[in-house]
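This report refers to the structure that appears directly beneath it.
Read-outs: derived from the displayed coordinates by stated rules, not from any lab. Fair warning: this is a prediction, and the values are worked out from it, not measured in the lab.
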Amino acid sequence: MATQRMPALQSFIDDLRAIWASDSDIGSCMEKAKPLLEKLVGNQELQDRSVDWPSTEGRKNLLLYVDEQYEFAVNAVVRVPGRKGSVHDHAHAWVLYGVLCGTESLERYERIDDRSRDDFAQVRMTSVSVGSPGKVDLVPPFDIHAEQGGPTRSVAIILRSTKLGDITQRQYDPVTGEVRPGPGPTQIPFELTA
Ligand SMILES: [Fe+2]
């Protein structure tokens, strides 16, 4: 018999599948998914269970679920205190970040050069939002941003419209303007059982 998933995660997945079944616009699906992720990251049992999840330092993601039919993926990241995040995009993927434990800040950037080169970009920070447990941010495709750790260990649950790892994303150096294409985070399968 197949292992049972943690009920809160299973109902999150079931609700997502119902959204994806009734709407073919991925951006619209992600907007509709935002309150579901807010509910999931407000779940006390999940918050309690995340206290011993392994660190994902070294550009890793815990991979909780991939939907074979609709392609969306559920990840978790576990950040060390004071973690410095790179400035990057997620290529064509939509992403919802939900903070489960601790605090993180999401920096958003805009590109201010003429976009004439693929290997150079001037970027400028436009906003910083601090996330605490229950807070969810939507990051559209190709939006340039960075996630920064807070003063304590933090954990986030991430819903992505497609699994990253094999997709080429870009990192931006805000000082030199260098743009570095490369693979996304390494995906570490991580089961959350009942
Ligand atoms: Fe990101």
May I ask you to compute the full-extension gain from residue 176 to residue 132, defined as 0.36 nm times their residue separation minus their alpha-carbon distance, rounded to one decimal in nm?
12.7 nm
Quote to one decimal, in nm, the extra length available between residue 110 and residue 45 on full extension: 0.36 nm per residue of separation minus the C-alpha distance between them.
19.7 nm
How large is the Rg to Rh ratio of the chain when both quantities use alpha carbon positions and Rh follows Kirkwood?
0.96
Rounding to the nearest 10 and keeping the result within 0 to 90°, find how far the Cα-based axis of helix 26-41 lies from the longest principal axis of the chain.
60
